[in-house]
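Inspection log for the structure reproduced underneath, given as structure tokens.
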Amino acid sequence: MSTSSVSEAGSADQQQRILNVLRMACAEAIRRPDFAERLQDMKQKFYVRDFDGIFLDPTNLSVYTAQYVPRRALCYYEIFSRPELQDILATCPTIYCLGAGSGSELVAISAASKCAPGAANASSSARPITIHSQDYTDWSPILTTLEDTIRYKWGIGARQVKYEFSLGNLLQMSLDIEHNISSSQLVTAMFIFNELFSDKANAMNFVKTIVKCVAPGGYFLLVDSAGSFSSIQINGKSYMSYMFFDSLSKHFTPVISEDSTWFRHAPNLEYPLGVENMRYFIRLYRKTEAALLTEYELIRNEVKKMGGLIAEINEEELDALTQSMRAVEQKLALVYTVFRSSIYAHLSQQEASGQAQDPGSAFGEPFQTNCPPFD
Ligand SMILES: C[S@@+](CC[C@H](N)C(=O)[O-])C[C@H]1O[C@@H](n2cnc3c(N)ncnc32)[C@H](O)[C@@H]1O
């Protein structure tokens, strides 16, 4: 597990383009006379972890997006520009983004998809990338504004990226959510674990659902703050959310695994509000293929059986077994002697008729053996 100090995504130009979309889409929210008051209220609620108080109040949502999405969109753009995620984007996947109503994932993935080889290129892609944002509160007016702005400013058409939104509470798992998880090639959980772990029992149920439902061969991307605010207390011990998934190595293979990475945006970017840098942890897991798991189980059972058999063999049987192996060994030596004699007979014949070359090349290639010398 690595700890990176700095990661800067692309050029300042690309970062500025992302902020330009947000500046346009959030212009009305930023002009709201109660902006500062709403923000202050949300900060206090964050402090006491009253997440429902923040997100279930619709008057907070546009202020939240204007204030918090810029830094995340820049950081997630850096994440989705990494080669491992670009390779996934190039397959034109369906990406199911959990707790993603505020729009960071939508903006970042749209921006990164523009450079995915063959993905958001209308002429070469057979189907669009689908970005499905999921949330428990209705962010659709904000997401629609973001989509329209992205299509307008970046010229991304419906044949390149398709946007979907659905409502659902991750703490009350439904068949719809399970179906969406299992039918997506990439599932993301970015900065949502603090919210979910306000209800520990149901949050553990959510973890189980992810393990059960991510499709074999599919990916699960987990990103959250690397700070202590993200640690989860269970029976007096602190855990980071990635520890649950790291411990399931039979089901999830980590493709990217970093415990602490700084995202620092380019200097001198223009946005009407301050844009902070952020420190995050990241895990990109791949769900183990079902076939591999079955194979693994078979081998494990065979090895167990062999262990049992070996334990059952007593000293007497071991002696008899060694004797019969010795007989086989002697017979093999005899076969080898006969074989070697016939080669010499063949070579002598050739020599007598004047055709002999290098003795070892009688078989067309250097004649080598691992058999021990028998004389
Ligand atoms: C800290 S924000 C992160 C938003 C986004 N993923 C990002 O990184 O910018 C947490 C998000 O989770 C959503 N959320 C909170 N509890 C949820 C739940 N039980 N089910 C689904 N979404 C939830 C909130 O509405 C909010 O959009």
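The values are calculated or read from the model by the stated rules, or taken from the named source; none is laboratory data. If you're wondering where the values come from, they're calculated on a predicted model, not measured in any experiment. So basically every Cβ, Gly included, is an ideal-geometry build from the backbone, and we count neighbours across all protein chains shown.
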Legend entry - Test for ARG38: is it among the basic types (Lys, Arg), in contact (Cβ under 8 Å) with a residue 40 or more places away in the chain and out of contact with any Asp or Glu (no Cβ under 7 Å at 6 or more places or on another chain): no
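Yes/no matrix, rows are residues, columns are (1) in contact with a helix residue (DSSP H, G or I) (Cβ under 8 Å, 6 or more places away or on another chain); (2) at pLDDT below 95; (3) closer than 25 Å to ASP87 by Cβ:
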site: GLY227; (1), (2), (3): no, yes, no
site: ILE234; (1), (2), (3): yes, yes, no
site: ASN277; (1), (2), (3): yes, no, no
site: ALA291; (1), (2), (3): no, yes, yes
Inset, instruction - Could you check, for the stretch 181-191, whether at least one of its residues is more than 21 Å from ALA290 (Cα to Cα), surrounded by 14 or more Cβ atoms within 10 Å (Cβ to Cβ) and in contact with a Lys or Arg (Cβ under 8 Å, 6 or more places away or on another chain)? - result: yes
Legend entry - Candidate set: the stretch 66-105, residues that are among the aliphatic types (A, V, I, L, M) and in a helix (DSSP H, G or I); chosen: the one nearest to the ligand (Cβ to nearest atom): VAL69
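Residues checked against (1) aliphatic (A, V, I, L, M); (2) within 12 Å of the ligand (Cβ to nearest atom):
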position: GLN134; (1), (2): no, yes
position: PHE165; (1), (2): no, yes
position: ASN169; (1), (2): no, yes
position: MET204; (1), (2): yes, no
position: SER228; (1), (2): no, no
position: ASN235; (1), (2): no, no
Inset, instruction - Among the residues of the stretch 50-63, write down those that are over 17 Å from ASN169 (Cβ atoms) and within 11 Å of the ligand (Cβ to nearest atom). - result: ASN60
Legend entry - Checklist (1) within 26 Å of the chain's Cα centre (by Cα); (2) modelled with pLDDT under 90; (3) under 30 Å from VAL48 (Cα atoms) applied to PHE244, failing item: (2)
Inset, instruction - Determine whether THR130 is surrounded by 13 or more Cβ atoms within 10 Å (Cβ to Cβ), away from the ligand (no atom under 12 Å from the Cβ) and either modelled with pLDDT of 95 or more or not in a helix (DSSP H, G or I) (or both). - result: yes
Legend entry - Output for the stretch 157-194, where each listed residue is at pLDDT 95 or above, part of a helix (DSSP H, G or I) and not polar (S, T, N, Q): LEU175, ASP176, ILE177, GLU178, HIS179, ILE181
Inset, instruction - For the stretch 173-189, state whether one or more residues are within 10 Å of the ligand (Cβ to nearest atom), assigned by TED's automatic domain parsing to the domain that holds TYR280 and within 30 Å of GLN16 (Cβ to Cβ). - result: yes
Inset, instruction - Read through the list (1) surrounded by 13 or more Cβ atoms within 10 Å (Cβ to Cβ); (2) closer than 22 Å to ASP57 by Cα, then give the number of the only condition that PRO141 fails. - result: (1)
Inset, instruction - Output the number of the condition that VAL214 fails; it satisfies all remaining conditions of (1) of a type in the set (A, V, I, L, M, F, W, C); (2) within 30 Å of ASP50 (Cβ to Cβ); (3) within 20 Å of the chain's Cα centre (by Cα); (4) more than 12 Å from the ligand (Cβ to nearest atom). - result: (2)
Legend entry - Residues of the stretch 33-49 classified as aromatic (Phe, Trp, Tyr) and within 11 Å of the ligand (Cβ to nearest atom), total: 1
Legend entry - In the stretch 215-268, the residues that are farther than 15 Å from ARG286 by Cα, of a type in the set (Val, Ile, Thr) and either in contact (Cβ under 8 Å) with a residue 40 or more places away in the chain or not assigned by TED's automatic domain parsing to the domain that holds ILE177 (or both): THR261
